[in-house]
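Here's the structure we're looking at; comments come further down.
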4 protein chains.
Amino acid sequence: MGSVTTTEPAVPDDRDAPAQPATEWVLALSCPDRPGIVHAVAGMLAAHDGNITESQQFGDPASGLFFMRVQVATTAGRAELEAALGPVAAEFGMTWSLDVVGRPMRTLILVSRAAHCLVDLLYRERYQDMPIDVVGVAGNHRDLQDLAAFYGKPFHHIPVTPDTKAVAESRLRDLVDELDVELVVLARYMQILSDDLCRDLAGRVINIHHSFLPSFKGARPYAQAHDRGVKLIGATSHYVTGDLDEGPIIEQDVERVDHSHAVADLVALGEDVERRTLARAVRWHAEHRVLLDGHRTVVFR
Amino acid sequence: MGSVTTTEPAVPDDRDAPAQPATEWVLALSCPDRPGIVHAVAGMLAAHDGNITESQQFGDPASGLFFMRVQVATTAGRAELEAALGPVAAEFGMTWSLDVVGRPMRTLILVSRAAHCLVDLLYRERYQDMPIDVVGVAGNHRDLQDLAAFYGKPFHHIPVTPDTKAVAESRLRDLVDELDVELVVLARYMQILSDDLCRDLAGRVINIHHSFLPSFKGARPYAQAHDRGVKLIGATSHYVTGDLDEGPIIEQDVERVDHSHAVADLVALGEDVERRTLARAVRWHAEHRVLLDGHRTVVFR
Amino acid sequence: MGSVTTTEPAVPDDRDAPAQPATEWVLALSCPDRPGIVHAVAGMLAAHDGNITESQQFGDPASGLFFMRVQVATTAGRAELEAALGPVAAEFGMTWSLDVVGRPMRTLILVSRAAHCLVDLLYRERYQDMPIDVVGVAGNHRDLQDLAAFYGKPFHHIPVTPDTKAVAESRLRDLVDELDVELVVLARYMQILSDDLCRDLAGRVINIHHSFLPSFKGARPYAQAHDRGVKLIGATSHYVTGDLDEGPIIEQDVERVDHSHAVADLVALGEDVERRTLARAVRWHAEHRVLLDGHRTVVFR
Amino acid sequence: MGSVTTTEPAVPDDRDAPAQPATEWVLALSCPDRPGIVHAVAGMLAAHDGNITESQQFGDPASGLFFMRVQVATTAGRAELEAALGPVAAEFGMTWSLDVVGRPMRTLILVSRAAHCLVDLLYRERYQDMPIDVVGVAGNHRDLQDLAAFYGKPFHHIPVTPDTKAVAESRLRDLVDELDVELVVLARYMQILSDDLCRDLAGRVINIHHSFLPSFKGARPYAQAHDRGVKLIGATSHYVTGDLDEGPIIEQDVERVDHSHAVADLVALGEDVERRTLARAVRWHAEHRVLLDGHRTVVFR
């Protein structure tokens, strides 16, 4: 069974469906590199009248791993495809996921007080084609409750103090379970998740770090950047691991600044680059374009 | 037989070669879209112990064409691969090219007086990994003869006047034939090629237009841009067709400008964006990353 | 008297104010170029204990005009500064505006159905430091009424049909008057303003055009761009004049696209570049950084 | 006397010159911030019929310093201007430089084996409007001797070994003196200058660091960047101080990369961003656009 998305409750089992129009599926996989992988996968898809509309492959000489993402239109249903994929995956030792193209990924957004990333994600869900289904917003402050409400999202206030940290995290775990959450987005959530939680949700939590990592790790990066007199500020979106600010990078971007910008200006400009960097990372993840290659990522844009 | 590179004199025929280390080949193809293409190609490669290291596919819903570029490591030689590819290509009606990854493409550069594009291409051939072999430089002026000489390139002075235009073009054709030229680069060559020549060299001539097409077609684009008060200037690299400035676009880029820039400043800034836009287009073409999709291009970067 | 902002009701007349902390003012001006302008202005400011914190000047050789924007901290009030500026302005034939740094500019936003620009401007007013005070939103459709309501903005539904165009425009004029509007932003407003209205509001109406002008003027620019196979899409923010799509350009930006993007993808990517291009233009205008130089602009960023 | 450019042998003393056309001068200065600076400078210039064509000012609240760069057209000669400027400079405690706009700055370029930065600077001197006069190229290897020769530049081979480091540096000092060098550019020069030399040439040595500082300081930054899986690589041009890689930053830029780029690809892409970042820094310095503000820079672009 695939690794990244293990449950897709929104997708019906098409096993017994009658003749129907083709559905477009996205298959993402990785495995040790060796000859014959593409042929095996393409053969399996061809056997189900699959028409490949878009596909990318990459073999990493450093890790010895092979990565593939393929979009295929076929009348075959999930069960049929999974049954056909099973032996191929077993033969090559594949980690894989299979999803319907464009299916919204069930997403929980964690916030604190800063609005810019939440504003942007909710806007993109409602008005644009971002394939996420934000099933809830959780905040350790109430500042953004009205924003969530405007977009019709349940807001969960989970305050965090040194004493209540364990309780708060337990509530987060419950939310993830109850809401059947596939993806957790830390949209400038200013609390640090425990190592245990990071491990349990590995590959399913995306953070936005307000710096061009690995520059200016840690607190107050814009003040550090101002003091150093940099001419570009950046942001980094990455998967969260126990090792803070060191998880696999998904996307980075920068904005030009100059001497006339005070720290507050850098913060304001930084919000723009943060939100667009995070939005791209979330979109690519939700479209199954991001595959893990050790502590690096392969991003099939 | 493939369409883009029909002759590769620098690549030996490996037909009778003994067991040898794997060579990395690049196969680029297009054909009408239908199920089974990837499977057929991958199967053919797998049958020759080919290991796919990088691959991209794209099906264009608008044109109904399918495009594929695959890099594959195999001990099979050219003759063997061509023999295996033949039936597959016939079955699917493919246009294709097969080349050794990194083989320098035999290139003729046409210039007038402006140096920036020629400087950049010759630098990239000598000092970087640009896979071109500049077999000659032809200019309608002698200004850049010394630059060509420094890089050890034969310079052909082919003056063009209204009266000698036909003769000059005939000399260009002779050069292309004698030097076995695969690619002609118009590096700010200020003469217009005849429709006949454009047609005969279709898909093998790349131009750099000093504007962000389709803005400011025609003469003096920087003066036009200045007059219009634009905030970005651009450059466009495209294949040359008889329809001036309307050939398939390969690459575009821009540079930020402001009110303080006079026309001369725009020209100077424009030279930077022109040379990097042209360099990318030439590199991608030489790496067989650019495929024609009607009057558009598919670029597998 | 100054040209751009002739009324600033939110700013009290400080004539009789007692000793007070310094206020930071922004003075923007243009006049025919000749020696002595900076000296005269700086002298007037120095005579009022003004401390210049930021200043930019530019003399345009093409138009023969001189432009200046200066931020100055002083305890002098508006009346005192205007009285001192009067003779200088008269001597040099200046067009000028004087405002308190950061004072929000009274802004009316016109919309149709597309949300992205309105979302962004309202977000920037509430959560960021954009110095605008959106006093109303007017739409020829009701689609964005709820969004305006969330941000606490009165929404004026002004439908436009061929028959009601004159009436609708009359209502717009009334709104501008009643709300004491300084700036009108066409945030993807899909109706064309009459020449009369454009003339009457000259220099006070900013539009976002969903194209990199002067490419793809007119309707359906993304379809045009897709058909042409461009590798960058852009947006242009400009002052509105009677000559459609030809007003003075304030800001332009682009986004990279490739062959895999359908027209709908270009539209979605275009929304990002449109909203950030418009946001910058509005901010710079509201900060008195944009000065008119014939049909071009001087932007002191 | 001004601090940055103390000798300008190419500029004649205009003291006794008869009536003549106006020359355009650039005056760059910094001093403790207080009211009246602009007025004093503008008054001095107006008294000599100076017409200000371009000017920028900035007061840094953090350092309490004021910075100004002004281009002024006047028939007054250097001696006259210096005599007039003296009292103003004394009154405000100014550090300043005065130069003719566009006068080429006498520049020594230090290189090792990598060609890209030297190629670019020599190209820009000959073919573009970069205001530098490269009076010599010094290398600790001979690899780039022919390139220097093509551009007609004397090449000084100064090998450096642990034993000869002091001797080599002494030869560099002699070159700087003998050639009347105003600016030293480390164009991927792989030797570290001594603290003494850095101090003696403070503000006159520009380096290009092949990283987006402060990320990946030290050796092999591209290998570090690849290992970290970054999505952007950058370059930083900065003044050299004794504190390696920590001098005031003049310019930074980045280039987008992805998973498919091996370390060698990053190096090649890095060369492009290095050379354009260095070229901008050198141009701005040569145009007196860069002023020191402690360990930060003010860049009046």
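Which residue, of D:213, D:197, is at pLDDT below 95, under 25 Å from residue D:292 (Cα atoms) and within 11 Å of chain A (Cβ to nearest Cβ)?
Only one candidate qualifies: D:213.
Checking the conditions here, which among C:233, C:192, C:208 is more than 18 Å from residue B:213 (Cα to Cα), of a type outside the set (Gly, Ala, Ser) and outside any loop (DSSP other than H, G, I, E, B)?
None of the others qualify; the one that does is C:208.
Does the stretch C:258-266 contain any residue that is over 21 Å from residue A:301 (Cα atoms), modelled with pLDDT under 95, surrounded by fewer than 20 Cβ atoms within 10 Å (Cβ to Cβ) and at the interface with chain B (Cβ under 9 Å from one of its Cβ atoms)?
There is no residue in the stretch C:258-266 that is over 21 Å from residue A:301 (Cα atoms), modelled with pLDDT under 95, surrounded by fewer than 20 Cβ atoms within 10 Å (Cβ to Cβ) and at the interface with chain B (Cβ under 9 Å from one of its Cβ atoms).
If residue B:101 satisfies all but one of (1) within 14 Å of chain A (Cβ to nearest Cβ); (2) in contact with a helix residue (DSSP H, G or I) (Cβ under 8 Å, 6 or more places away or on another chain), what's the number of the condition it fails?
With (1) within 14 Å of chain A (Cβ to nearest Cβ); (2) in contact with a helix residue (DSSP H, G or I) (Cβ under 8 Å, 6 or more places away or on another chain) applied to residue B:101, the lone miss is (2).
Collect the residues in the stretch B:108-130 that are more than 8 Å from chain D (Cβ to nearest Cβ) and β-branched (Val, Ile, Thr), keeping them in residue-number order.
Selection gives B:109, B:111.
Regarding residue B:58, is this residue in contact with a Gly (Cβ under 9 Å, 6 or more places away or on another chain), aromatic (Phe, Trp, Tyr), assigned to a strand (DSSP E or B) and buried (at least 22 other Cβ atoms within 10 Å of the Cβ)?
Answer is no for this residue.
Can you find a residue in the stretch B:72-81 that is under 30 Å from residue B:150 (Cβ atoms), of a type in the set (A, V, I, L, M), away from chain A (no Cβ under 14 Å) and surrounded by fewer than 22 Cβ atoms within 10 Å (Cβ to Cβ)?
no
Tell me which of these residue C:112 doesn't satisfy, since it passes every other one: (1) more than 18 Å from residue C:192 (Cα to Cα); (2) of a type in the set (Gly, Ala, Ser); (3) out of contact with any helix residue (DSSP H, G or I) (no Cβ under 8 Å at 6 or more places or on another chain).
(1)
Specify which of the listed residues (A:28, A:46, A:10, A:17) is modelled with pLDDT under 95 and surrounded by 17 or more Cβ atoms within 10 Å (Cβ to Cβ).
Unique residue meeting the criteria: A:46.
Working carefully through the options A:95, A:53, A:107, find the one that is under 26 Å from residue B:69 (Cβ atoms) and at pLDDT 95 or above.
Of A:95, A:53, A:107, the one residue that is under 26 Å from residue B:69 (Cβ atoms) and at pLDDT 95 or above is A:95.
Which one of these is farther than 30 Å from residue D:227 by Cβ, surrounded by 20 or more Cβ atoms within 10 Å (Cβ to Cβ) and not small (Gly, Ala, Ser): A:111, A:100, A:88?
A:111
Run down D:274, D:246 and say which single residue is surrounded by fewer than 23 Cβ atoms within 10 Å (Cβ to Cβ) and either away from every other protein chain (no Cβ under 11 Å) or part of a loop (DSSP other than H, G, I, E, B) (or both).
That would be D:246, the only listed residue that is surrounded by fewer than 23 Cβ atoms within 10 Å (Cβ to Cβ) and either away from every other protein chain (no Cβ under 11 Å) or part of a loop (DSSP other than H, G, I, E, B) (or both).
Which one is surrounded by the fewest Cβ atoms within 10 Å (Cβ to Cβ) among residues in the stretch A:114-140 that are in contact (Cβ under 8 Å) with a residue 40 or more places away in the chain and closer than 27 Å to residue A:77 by Cβ?
Taking the candidates together, the pick is A:133.
Those residues that are assigned to a loop (DSSP other than H, G, I, E, B) and facing chain A (nearest Cβ under 8 Å), I need them from the stretch D:216-230; list them, please.
D:216, D:229, D:230
Search the stretch B:176-194 for residues being in contact with a strand residue (DSSP E or B) (Cβ under 6 Å, 6 or more places away or on another chain) and charged (D, E, K, R), and hand back the single one that is farthest from the other protein chains (Cβ to nearest Cβ).
Residue satisfying both the conditions and the ranking: B:180.
Report yes if some residue within the stretch A:179-187 is crowded, with 22+ Cβ neighbours inside 10 Å, of a type in the set (Asp, Glu) and farther than 17 Å from residue A:273 by Cα; otherwise report no.
yes
The values are calculated or read from the model by the stated rules, or taken from the named source; none is laboratory data. None of these values were measured; they are calculated from a predicted model. All Cβ positions, even for glycine, are placed from backbone atoms using ideal geometry, and neighbour counts span all protein chains on display.
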